[in-house]
Amino acid sequence: MNVRFSGSAMKLTGEIEEEIVNVSIDDVVLQLKNGKDEEFAVALLRLKEFMRSERLDGGLIDEEATLSILFNRLGSCKADNRLTIIRLLRSIALGNDEKKEKMVEIEFLSAVVKSLTRDSEERKEAVGLLLDLSDIQAVRRRIGRIQGCIVMLVAILNGDDPDASHDAAKLLDILSSNTQNALHMAEAGYFRPLVQYLKEGSDMNKILMAKALSRLELTDHSKLSLGEAGAIEPLANMFSTGSGIAGTLLQLLFSVTSVLMTLREPASAILARIAQSESILVNDDVAQQMLSLLNFSSPIIQGHLLEALNNIASHPGASKVRSKMKEKGALQLLLPFLKENTTKVRSKVLQLLYSLSKDLTDELTEHLNETHLFNIVNIISTSTLESERAAAVGILSNLPNSNKKVTDIPKRANLLPILISIMYSSTGSDSSTTNNFLNESIASVIIRFTIFSDKKLQLLSAEQGVILLLVKLLSSGSPITKSRAAISLVQLSQNSLSLRKSRKSSTFCLVKAGAVSPLIQLLEDTEREVVEAALHALSTLLLDEIWEGGVNSIAKLSGVEAIIKNVQVEDAKVILIDLAQKSDSRLKSTVAKVLAELELLQSQSSYF
C-alpha cells in the first residue's frame, strides 16, 4: 500500500534544503538502500525533511519497502546513523497503529533489540521505540522471544538513565502479562512480576512461579530482592494452606496433555512440600489420589509422591487418613516397592511404611510375607543410607514381639549380629536425629531377640554378644535407647537361674555383666521411663533364689540411696520392701524408716 509519511520536524542546513528541492523521494529511497555512510546519512536527512515539510507533493512511496530498508540498515550502519534511524522509526510510528503493524516482523524487532546493547542514547531511543510498538499484540508476543531482550530491559531498568529506566519498567510491565516473560524476568533478577503472580495468579500460575523459584540459583542479593518484592508471604500462604491448591496439583499429575505433563514433576515436588502442613488433611481424598498415581509415574515423581504421602501420614492428627489408606490397599501397593532398585524411591517407601506401622501393626504384620521380611533385612544389612536403614529397623521395631514369623525370619537371616555391629559403629559417632532414631529402633528390635518366653533365643542372643552391648547402651544414647536396653536386661535377668547351666561364655547375671552400676546411675535420670526401666531391672536381683547377692550388690554401689530418691515410683517401693525383708539388720533398719515415712510399714510389718 502506498501512503504518505508524516512526522516531527528537524532543521536542516540551507545547503541540504536546496539539494532536497531537486531530489525525488525515489532518489532518496535508492540512496537509503545503496548509499555508503555519508551518502546514507544525507539520505536520512532528506527523508526527515520530506517528513517535516510534508512536501511530498502528492508523490507516492512504497512505505513497506522503505521500512524494510531502514530496519536492515539499522544492523550495519554507524552509531550516529542508527540513532537517526530509530528516531525516524519512532516518528513514523507515532500515533499510527497502521504503520506500527508494518513493523512487527521478528527480523525488524530483533534489529531494534540489538540497539539495547549500544550507547546510552541509542538504548533510550530503542526502548522508547519498543514501548511505542507494544500497543500491537504481535509485538508484545514476539519481543519476549528475542534472545537477550528481557535481560537487557532489566539491565536498563536498573541503569542510571531515568528516562530509559522509566520506559523499560513500563515495557516490562506490559510484557509480564505473559507468564513465560515473567519467568525470564525472574531469571534476570527482576522478581516483581513473578511475585505478583504468586499473590494474585491462578493456582496453575502459582505453581509455575514456585517451580521457577525452586530451580533458580539465588544469590544473597536475589533473596533480598525477593523478600523486598513481597515473595515470602504468598509462598508461606501457599505452603501453609496447601489444601486449596492441592486439587490443581493433582489435576496436573493426572494430566496426559503433553504441555501440562512437563509440569507433573514440579507439581509433585510442590505437593510434597505443602503436605507438611496439616491443612492438607482437610481433603480426605488427596492421599488416595496420590496412591493411585504411584505405579504410573516416573521414579522422580514417585519419590515426590511418597514424600508427600509420608508427610501426610506423619501428622499427629492423621490417624483417620492412615486408616483410610489401609482400607484403600496402601500396604499391598507399597510392599512390592521394597524390591525397587531406585534408592530414593525405596527409601521413601520405607519411611512411609514406618509411619503407617505405628498404628497399623497388626495389618502390616498380616501383609508381610517371607519375601518382604527378607527384603527389609537385606536393606538393613546392605544399605549405605542411614535414614533408609533406620526406617527399615523402625518397621521391625513396631511389629508385635509375640509374632514368631517376624522373629524367625530375621533370626534365620542372621540379623542380630548385623544390628549389634551397626549399633557399635553408630553409638557415640554423632547425635543426629536419624542416628538416635536408628539406635532407638535397634534397641527395640533387641527386645524381640531377648523376649522372656523364648529361652533358646535368649541364649543365642547372649552368645552373639548382645549383653555387652546392652550394658554399654545404659551409659550412652538417648533416654529411649537406655530404657529399652534396660527392658532387654530385665528379660534376660528374669531367666538367669533357669539358664545358668546352659550358659557358655556369656552370663545373664546383671552383677557379673557389670550392669548394676549403670542401672543405679540411671536412677538419677530425669526421664521417668528410664528410671522405671532401671528399677525394674534392679528388682530382678531380689528374686528369692539370688536375693542375697542382689542386695549386697545394690547396697555396695549406694543403690539404696538412689532408690529412696525415687520412692514415688511403684517399682522403687517394691524394691524397698524386698530390701526390708531380706537385707542385713543395719540396712533393714534404714529401709524400714523410709517405709514408715511412706506409711507402707504397717502392711508389711509381719516381715520384720
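The values are calculated or read from the model by the stated rules, or taken from the named source; none is laboratory data. Predicted model, so just to flag it, every value in this text is computed and none were measured. Counting neighbours? That spans all protein chains shown, and the Cβs are built from the backbone with ideal geometry, glycine included.
Below, the figures for the structure above:
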{"read-out": "Given (1) over 17 Å from LEU271 (Cα atoms); (2) assigned to a helix (DSSP H, G or I); (3) at pLDDT 90 or above, number of the condition PRO400 does not satisfy", "value": "(2)"}
{"read-out": "Any chance ASP135 is at pLDDT 95 or above, within 23 Å of THR84 (Cα to Cα) and over 38 Å from the mean Cα position of the chain (by Cα)", "value": "no"}
{"read-out": "Members of segment 470-482 that are closer than 20 Å to SER432 by Cβ and in a helix (DSSP H, G or I)", "value": "LYS472, LEU473, PRO479, ILE480, THR481, LYS482"}
{"read-out": "Single unsatisfied condition, GLU54 versus (1) at positive phi; (2) at pLDDT 80 or above", "value": "(2)"}
{"read-out": "Residue match in segment 453-466 (condition: farther than 22 Å from LEU368 by Cβ, among the β-branched types (Val, Ile, Thr) and in contact with a His (Cβ under 6 Å, 6 or more places away or on another chain))", "value": "no"}
{"read-out": "Segment 366-395 - residue that is hydroxyl-bearing (Ser, Thr, Tyr) and surrounded by fewer than 16 Cβ atoms within 10 Å (Cβ to Cβ) and, of those, modelled with the lowest pLDDT", "value": "THR384"}
{"read-out": "Residue that is surrounded by the most Cβ atoms within 10 Å (Cβ to Cβ), among those in segment 228-245 that are in a helix (DSSP H, G or I) and at pLDDT below 70", "value": "ILE245"}
{"read-out": "In segment 154-177, the residues that are within 34 Å of the chain's Cα centre (by Cα) and closer than 20 Å to ILE85 by Cβ", "value": "none"}
{"read-out": "SER347 vs. criteria closer than 19 Å to ILE451 by Cβ and in contact with an Asp or Glu (Cβ under 9 Å, 6 or more places away or on another chain)", "value": "no"}
{"read-out": "In segment 340-370, the residues that are under 17 Å from GLU307 (Cβ atoms) and outside any helix (DSSP H, G or I)", "value": "GLU340, THR342"}
{"read-out": "In segment 196-208, the residues that are modelled with pLDDT of 85 or more and within 15 Å of ARG273 (Cβ to Cβ)", "value": "LEU198"}
{"read-out": "Selection within segment 8-34 - under 16 Å from SER91 (Cβ atoms) and modelled with pLDDT under 50", "value": "SER8, ALA9, MET10, LYS11, LEU12"}
{"read-out": "Output for segment 513-532, where each listed residue is polar (S, T, N, Q) and either more than 44 Å from the chain's Cα centre (by Cα) or surrounded by 22 or more Cβ atoms within 10 Å (Cβ to Cβ) (or both)", "value": "SER517"}
{"read-out": "Residue check, GLN147 closer than 20 Å to ASP97 by Cβ, without any contact (Cβ under 8 Å) to a residue 12 or more places away in the chain and not charged (D, E, K, R)", "value": "no"}
{"read-out": "Residue within segment 433-445 that is surrounded by 15 or more Cβ atoms within 10 Å (Cβ to Cβ), hydrophobic (A, V, I, L, M, F, W, C) and either in contact with an Asp or Glu (Cβ under 8 Å, 6 or more places away or on another chain) or without any contact (Cβ under 8 Å) to a residue 12 or more places away in the chain (or both) present", "value": "yes"}
{"read-out": "In segment 78-115, the residues that are assigned to a helix (DSSP H, G or I) and charged (D, E, K, R)", "value": "ASP80, ARG82, ARG87, ARG90, ASP97, GLU98, LYS99, LYS100, GLU101, LYS102, GLU107, LYS114"}
{"read-out": "Helices (runs of 4 or more DSSP H) wholly inside segment 125-190 containing at least 2 residues that are surrounded by 18 or more Cβ atoms within 10 Å (Cβ to Cβ) and either in contact with a Phe, Trp or Tyr (Cβ under 8 Å, 6 or more places away or on another chain) or acidic (Asp, Glu) (or both)", "value": "149-157, 162-175, 179-187"}
{"read-out": "Failed item in (1) more than 25 Å from HIS166 (Cα to Cα); (2) buried (at least 20 other Cβ atoms within 10 Å of the Cβ); (3) at pLDDT 85 or above, with GLU107 passing the rest", "value": "(2)"}
{"read-out": "Lone qualifier among LEU510, LEU535, LEU497 - being in a loop (DSSP other than H, G, I, E, B) and surrounded by 23 or more Cβ atoms within 10 Å (Cβ to Cβ)", "value": "LEU510"}
{"read-out": "Residue check for ALA555: more than 22 Å from LEU469 (Cα to Cα), modelled with pLDDT of 70 or more and small (Gly, Ala, Ser)", "value": "yes"}
{"read-out": "Residues being crowded, with 19+ Cβ neighbours inside 10 Å, among the aliphatic types (A, V, I, L, M) and within 10 Å of LEU133 (Cα to Cα) - total across segment 90-104", "value": "2"}
{"read-out": "Within segment 451-489, considering residues that are within 17 Å of SER539 (Cβ to Cβ) and of a type in the set (S, T, N, Q), the one farthest from the chain's Cα centre (by Cα)", "value": "SER488"}
{"read-out": "Residue match in segment 430-444 (condition: acidic (Asp, Glu), part of a helix (DSSP H, G or I) and within 34 Å of the chain's Cα centre (by Cα))", "value": "yes"}
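Condition check ((1) among the aromatic types (Phe, Trp, Tyr); (2) under 60 Å from the mean Cα position of the chain (by Cα); (3) modelled with pLDDT of 75 or more) across all residues:
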site	(1), (2), (3)
LYS36	no, no, yes
GLU39	no, no, yes
ASP62	no, no, no
ALA65	no, yes, yes
CYS77	no, yes, yes
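To keep it simple, each residue is scored yes or no on (1) more than 16 Å from ILE409 (Cα to Cα); (2) buried (at least 22 other Cβ atoms within 10 Å of the Cβ); (3) of a type in the set (Gly, Ala, Ser); (4) modelled with pLDDT under 95.
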{"residue": "ASP454", "(1), (2), (3), (4)": "no, no, no, yes"}
{"residue": "LEU460", "(1), (2), (3), (4)": "no, no, no, yes"}
{"residue": "GLU463", "(1), (2), (3), (4)": "yes, no, no, yes"}
{"residue": "ILE467", "(1), (2), (3), (4)": "yes, yes, no, yes"}
{"residue": "GLY477", "(1), (2), (3), (4)": "yes, yes, yes, yes"}
{"residue": "ARG484", "(1), (2), (3), (4)": "yes, yes, no, no"}
